[in-house]
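Below you'll find the structure, written out as structure tokens, and then a few comments.
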Amino acid sequence: MRPTYSWVIVVLGFFISMAFTTTRYLLPIILPQMAFELKSTISEMGLLASAYFATYTFSTIFWGRLSDKIGAVRIISLCCVLCMTSFIFTGLSPSLSHALSSYAIAGVGAGGLYVPLNALLTRWFRRRGTVIGITTTGATLAGLFLGVTVPFLELLYGWRIVWIILGLLYLVLAVASARFLKESPTTCDKARASEHAYRGGLDEVTIALWLDLASRSHLPAMGVWGPCLLDLYGGLFELVRPFNCRVGLHLLDL
């Protein structure tokens with residue numbers, strides 16, 4: 001199952017690379033219309049890029065060290081949420097100062113996308129250069145995608161809506177990363193083994209639970225009620241199975 005799931009990591013890495021590059025490429029495309037509406041010159045709008053790269057430079061070191069402690073998946077998901085927040089507030093900015101502070105958050109979020117992603121890929125693949133090359137193409141295609149779609153959307157809805165739409169896409173990516181990204185093949189294998197034991201071993205669990213109760217109890221009628229209790233516990237586990245609930249398994253530890 002691991003080779004199949006590896007493609008999930010590659011696809012998500014591809015879109016994360018697109019998201020990382022979008023934080024950089026969107027501003028130059030949308031800058032003229034922003035400057036006109038915010039009543040600022042192009043030189044003043046250049047401060048947005050300076051704020052972005054300043055926060056990005058210092059955040060990469062921070063996110064890299066933090067990903068070693070708590071894992072790359074959490075960092076990537078969190079930074080997608082930061083990028084979403086930055087884009088939405090940038091689109092709602094009434095002035096240059098508000099846009100400056102909002103867009104600076106995108107630099108913080110972008111720093112947590114690039115470094116942890118590469119660290120994650122090195123744990124998953126032996127041919128790291130090939131895989132990183134595949135995911136990096138997402139960064140190039142992001143520029144192509146933005147160059148084609150953003151002017152069209154800006155013409156129809158305005159530059160503010162463009163920021164908000166792309167910001168919501170970061171939310172989708174954050175949920176997908178938190179749900180499907182795994183820290184390493186070992187983590188993935190353990191999760192699958194646990195799920196397999198939960199779904200395929202319900203009969204063994206109920207039997208073990210019944211034997212455990214029978215061995216601890218001194219009631220002489222337990223042998224009579226045994227089949228009924230076994231059916232009861234079996235029905236309970238079958239009831240919670242569709243909800244992927246593991247409460248029943250934890251009862252065995254009590």
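The values are calculated or read from the model by the stated rules, or taken from the named source; none is laboratory data. Since this is a predicted model, take the numbers as computed values, not measurements. Cβ coordinates were reconstructed from backbone atoms using ideal geometry, including for glycine residues, and neighbour counts include every protein chain displayed.
When you check G13 against the structure, is it within 24 Å of the chain's Cα centre (by Cα) and not basic (K, R), yes or no?
It is true that G13 is within 24 Å of the chain's Cα centre (by Cα) and not basic (K, R).
Let me confirm something: among A174, A178, which residue is modelled with pLDDT of 50 or more, among the small types (G, A, S) and surrounded by fewer than 16 Cβ atoms within 10 Å (Cβ to Cβ)?
Exactly one of A174, A178 is modelled with pLDDT of 50 or more, among the small types (G, A, S) and surrounded by fewer than 16 Cβ atoms within 10 Å (Cβ to Cβ), namely A178.
If the requirement is being under 19 Å from the mean Cα position of the chain (by Cα) and not aromatic (F, W, Y), which of these qualifies: L92, L113?
Every option except L113 fails the conditions.
If you check G129 against the conditions, is it over 26 Å from I161 (Cβ atoms) and either modelled with pLDDT under 85 or aromatic (F, W, Y) (or both)?
So G129 passes the test.
Are there any pairs with C-beta distances below 7 angstrom linking a residue in the range 26-41 that is farther than 17 Å from F87 by Cβ to a residue that is of a type outside the set (V, I, T), with the two at least 6 apart or on different chains, and if so which?
Filtered contacts from the range 26-41: A35/M45; S40/L96; T41/A35.
Could you check, for the range 103-118, whether at least one of its residues is on the phi < 0 side of the Ramachandran plot, of a type in the set (G, A, S) and without any contact (Cβ under 8 Å) to a residue 12 or more places away in the chain?
no
Looking at (1) surrounded by 18 or more Cβ atoms within 10 Å (Cβ to Cβ); (2) aliphatic (A, V, I, L, M); (3) within 24 Å of the chain's Cα centre (by Cα), which one does M34 not meet, given that it meets all the others?
M34 satisfies all of (1) surrounded by 18 or more Cβ atoms within 10 Å (Cβ to Cβ); (2) aliphatic (A, V, I, L, M); (3) within 24 Å of the chain's Cα centre (by Cα) except (3).
Listed here are the residues, each with its yes/no results for (1) under 26 Å from L144 (Cβ atoms); (2) among the aromatic types (F, W, Y); (3) touching a helix residue (DSSP H, G or I) at 6+ places or on another chain (Cβ under 6 Å); (4) not assigned by TED's automatic domain parsing to the domain that holds F145.
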site	(1), (2), (3), (4)
T22	yes, no, yes, no
F36	yes, yes, no, no
A54	no, no, no, no
I61	no, no, no, no
A106	yes, no, yes, no
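Quickly run through the range 102-129 and pick out the residues that are of a type outside the set (A, V, I, L, M, F, W, C) and surrounded by 15 or more Cβ atoms within 10 Å (Cβ to Cβ).
Those that are of a type outside the set (A, V, I, L, M, F, W, C) and surrounded by 15 or more Cβ atoms within 10 Å (Cβ to Cβ): S102, Y103, G107, G109, G111, G112, Y114, P116, N118, R123.
Is it the case, given these coordinates, that T149 is of a type outside the set (D, E, K, R) and either modelled with pLDDT of 90 or more or assigned to a loop (DSSP other than H, G, I, E, B) (or both)?
Yes; evaluated as a whole, the condition is true for this residue.
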